[in-house]
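Trainee: Could you have a look at this structure, given as structure tokens, before my questions?
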Amino acid sequence: MTKTELARDLGISQPYVTKLVAQGLVMLGKDGRVDSAATMELLYRYWSPSEGWWTKRVGPLGQELRRRWRADEATMGI
């Protein structure tokens with residue numbers, strides 16, 4: 001997955017992906033491609049998207065993040 005594909009999949013801008021890379025929340029391989037599995041875990045644990053993100057159209061990675069966060073909320077009774 002490229003950074004452009006990640007931006008599209010998460011429904012965020014490319015400059016925001018660059019910011020997430022700088023923050024260490026998007027892991028890149030030696031070839032410059034996004035390590036999807038590592039990035040998923042980092043975003044799941046440490047990313048706090050804006051409220052508006054929850055209503056945006058997202059791809060599979062974004063949907064999986066939402067599913068996991070909602071499952072956590074249900075488990076915690078939030």
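Trainee: Within region 33-49, take every residue that is free of Cβ contacts under 8 Å to residues at least 12 places away in the same chain and among the small types (Gly, Ala, Ser) and give me the one that is surrounded by the most Cβ atoms within 10 Å (Cβ to Cβ).
Mentor: Ala38
Trainee: Moving to a separate point now. Considering each residue of region 50-70, count those that are under 20 Å from Thr2 (Cβ atoms) and either touching a residue at least 24 places away in the same chain (Cβ under 8 Å) or loosely packed, with under 10 Cβ neighbours inside 10 Å (or both), and give that number.
Mentor: Total satisfying the criteria: 9.
Trainee: Would you mind telling me which numbered condition in (1) under 11 Å from the mean Cα position of the chain (by Cα); (2) assigned to a helix (DSSP H, G or I) Ile12 fails?
Mentor: With (1) under 11 Å from the mean Cα position of the chain (by Cα); (2) assigned to a helix (DSSP H, G or I) applied to Ile12, the lone miss is (2).
Trainee: Regarding region 34-49, can at least one residue be identified that is under 10 Å from the mean Cα position of the chain (by Cα), assigned to a loop (DSSP other than H, G, I, E, B) and among the hydroxyl-bearing types (Ser, Thr, Tyr)?
Mentor: Checked region 34-49: at least one residue is under 10 Å from the mean Cα position of the chain (by Cα), assigned to a loop (DSSP other than H, G, I, E, B) and among the hydroxyl-bearing types (Ser, Thr, Tyr).
Trainee: For region 63-78, give me each residue that is within 16 Å of Arg45 (Cβ to Cβ) and part of a loop (DSSP other than H, G, I, E, B).
Mentor: none
Trainee: Sticking with this one: Answer yes or no as to whether Leu25 is assigned to a helix (DSSP H, G or I), touching a Leu at 6+ places or on another chain (Cβ under 9 Å) and within 14 Å of Leu10 (Cα to Cα).
Mentor: Here the answer is no, as Leu25 does not meet what is asked.
Trainee: Identify, by number, the condition in (1) touching a strand residue (DSSP E or B) at 6+ places or on another chain (Cβ under 9 Å); (2) surrounded by fewer than 10 Cβ atoms within 10 Å (Cβ to Cβ); (3) not charged (D, E, K, R) that Leu28 doesn't meet.
Mentor: Exception for Leu28: condition (2).
No lab work stands behind these numbers, since they all come straight from the coordinates. Keep in mind the model is a prediction, meaning the values are calculated, not measured. Glycine gets a Cβ as well: all are built from the backbone with ideal geometry, and neighbour counts include every protein chain shown.
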